[in-house]
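Down below is the structure, laid out as structure tokens.
The values are calculated or read from the model by the stated rules, or taken from the named source; none is laboratory data. What you are looking at is a predicted structure, and each value in this text was computed from that prediction instead of being measured. Neighbour counts run over all protein chains shown; Cβ positions are idealised from the backbone, glycine included. With ligands, DNA and RNA removed, areas are computed over all heavy atoms of the protein, side chains included. Shrake-Rupley method; radii C 1.70, N 1.55, O 1.52, S 1.80 Å.
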Amino acid sequence: MPKKLALTPPMGWNSWNTFSWKIDEELIKGAADAMVSTGLKDAGYEYVVIDDCWSLKERDENGCLVADPQKFPHGMKAVADYVHSKGLKFGIYSCSGTHTCAGYPGSFEHEFQDAATFASWGVDFLKYDYCYKPKGIPGELLYKRMAMALRNCGRDILFSACNWGADGVHNWIRESGAQMFRSTGDIQDSWQSIKNLALSQFGKQSQAGVYCWNDIDMLVVGMSGHSENNWIAGEGFGCTDIEYKTHFSLWAIMNSPLMIGCDIRNMNDKTKEILMNRDVIALNQDPEGRGPYEVQHWSNDRVKALVKPLENGDYAIGLFNFTDQRSEMSLEFWDIGLPYASGYALEFYDCWAHKTVGQFRERYVTHIEPHDCEVFRAKLVNLNKRRRRK
Ligand code: GLA
């Protein structure tokens with residue numbers, strides 16, 4: 001009986017954002033070590049994923065992909081074994097076209113062979129890109145091919161489709177059998193990028209859920225302008241801790257996979273605090289996997305509320321200030337299904353301050369700093385019951 005993959009949004013680390021082509025066995029082993037020693041593993045992060053640039057530029061005489069022996073001198077199975085020895089899962093990358101985005105061999109017309117190779121190495125996760133797609137064949141078919149190959153390769157391999165939201169992917173990817181799908185172009189380490197990507201997926205939550213998650217792209221939390229890849233980060237890039245907090249909160253409440261992109265071997269305390277906020281992670285990992293809906297603020301459409309029902313009857317509530325000014329936000333409970341006359345109130349637990357802030361009956365009003373957010377777990381309390389008991 002195959003294991004059920006992606007019951008909740010996948011969590012892990014991916015090499016691309018910070019290291020791009022500069023990857024090797026030592027880095028991946030170091031990342032696996034750091035996953036354990038920093039507490040990321042205990043917080044729920046599981047997959048260690050090698051992105052593009054791991055193979056030789058040519059397949060071998062049998063048409064098999066070959067790990068670059070300079071970068072991975074002991075082969076890929078040895079790396080997978082090491083990752084597994086830490087109690088973690090191992091991920092790798094390929095592409096639905098003839099080449100990967102960085103020009104290495106893609107899996108087009110090699111789908112079943114590559115799935116078998118990955119299985120033999122002990123791969124648990126495949127990110128599958130969309131570059132160099134041959135003309136004349138629908139992208140949808142290419143994802144269906146690899147999904148079929150993976151689902152029958154004899155190993156549980158989570159299929160992470162990465163076609164950047166193209167070709168109406170929201171409408172067909174779940175049926176194709178993938179466990180997550182990139183819905184956006186590539187993230188950059190900037191507030192503008194975070195904001196654009198998140199807003200592009202508002203209102204699209206009904207097309208994702210348990211077994212197939214909308215992936216808004218890997219996290220830039222903690223990168224602080226550092227990357228080998230100057231398109232993603234570098235001089236002039238980087239975000240404030242507040243912006244990283246908001247980024248993490250958005251990805252969490254929107255049920256995106258949480259794939260870390262910073263150098264986890266060298267995280268500062270703030271980065272750790274953000275990435276390992278268990279209250280926020282719990283909202284992301286809620287077993288029911290319902291996406292949030294948006295509630296408009298009456299006076300300001302750039303201050304947004306996302307509300308997501310949780311398995312135990314609570315609600316996740318995120319209030320996000322996308323403006324550059326300190327702004328008022330008021331969430332009217334009428335808009336989320338709670339009339340004043342019901343006799344119920346919502347008790348707000350602040351997932352960043354880690355404390356209960358009070359009970360509110362009709363609305364919650366606050367002021368949020370630019371690019372900041374507030375995130376709550378709200379519990380319904382019966383006011384009549386409480387009064388009667390006294
Ligand atoms: C694309 C993907 C990125 C990354 C690179 C690798 O741009 O969207 O996430 O995998 O390819 O070349």
- Message: Can you say whether ILE157 is among the β-branched types (Val, Ile, Thr) and more than 16 Å from the ligand (Cβ to nearest atom), as far as the supplied structure shows?
- Response: yes
- Message: touching a helix residue (DSSP H, G or I) at 6+ places or on another chain (Cβ under 8 Å), away from the ligand (no atom under 16 Å from the Cβ) and assigned to a helix (DSSP H, G or I): which single residue out of LEU141, LEU150 fits that description?
- Response: LEU150
- Could you please find all residues in the stretch 152-165 being open to solvent by 30 Å² or more (accessible area, probe 1.4 Å) and either within 17 Å of the chain's Cα centre (by Cα) or under 24 Å from CYS101 (Cα atoms) (or both)? TRP164
- Item | Flag for ASP51 being in contact (Cβ under 8 Å) with a residue 40 or more places away in the chain, of a type outside the set (A, V, I, L, M, F, W, C) and not in a strand (DSSP E or B) | yes
- Query: Scanning the stretch 25-79 for residues that are among the acidic types (Asp, Glu) and either within 16 Å of the ligand (Cβ to nearest atom) or at positive phi (or both), which turns out surrounded by the fewest Cβ atoms within 10 Å (Cβ to Cβ)?
  - Reply: ASP68
- Message: Step by step: first the residues of the stretch 89-111, then only those that are assigned to a loop (DSSP other than H, G, I, E, B) and in contact (Cβ under 8 Å) with a residue 60 or more places away in the chain, then the one that is farthest from the ligand (Cβ to nearest atom). Which residue is that?
- Response: SER96
- Task: Those residues that are at negative phi, assigned to a loop (DSSP other than H, G, I, E, B) and away from the ligand (no atom under 16 Å from the Cβ), I need them from the stretch 2-24; list them, please.
- Result: PRO2, LYS3, LYS4, LEU5, LEU7, THR8, PRO9, ASP24
- Test ASP335 against the criterion of being within 24 Å of VAL220 (Cβ to Cβ) and surrounded by fewer than 20 Cβ atoms within 10 Å (Cβ to Cβ), and give yes or no. no
- If you take the residues of the stretch 166-184 that are open to solvent by less than 40 Å² (accessible area, probe 1.4 Å) and either among the β-branched types (Val, Ile, Thr) or without any contact (Cβ under 8 Å) to a residue 24 or more places away in the chain (or both), which of them is farthest from the ligand (Cβ to nearest atom)? GLY168
- Sort out which residues of the stretch 114-138 are part of a helix (DSSP H, G or I) and touching a residue at least 40 places away in the same chain (Cβ under 8 Å), and write them in order of number. ASP114, ALA115, THR117, SER120, TRP121
- Item | Within the stretch 66-123, tally of residues that are more than 30 Å from GLY136 (Cα to Cα) and either charged (D, E, K, R) or not assigned by TED's automatic domain parsing to the domain that holds ILE173 (or both) | 6
- Go through VAL307, VAL375, VAL381 for me and flag whichever is open to solvent by less than 40 Å² (accessible area, probe 1.4 Å), more than 19 Å from SER249 (Cα to Cα) and not in a loop (DSSP other than H, G, I, E, B). VAL381
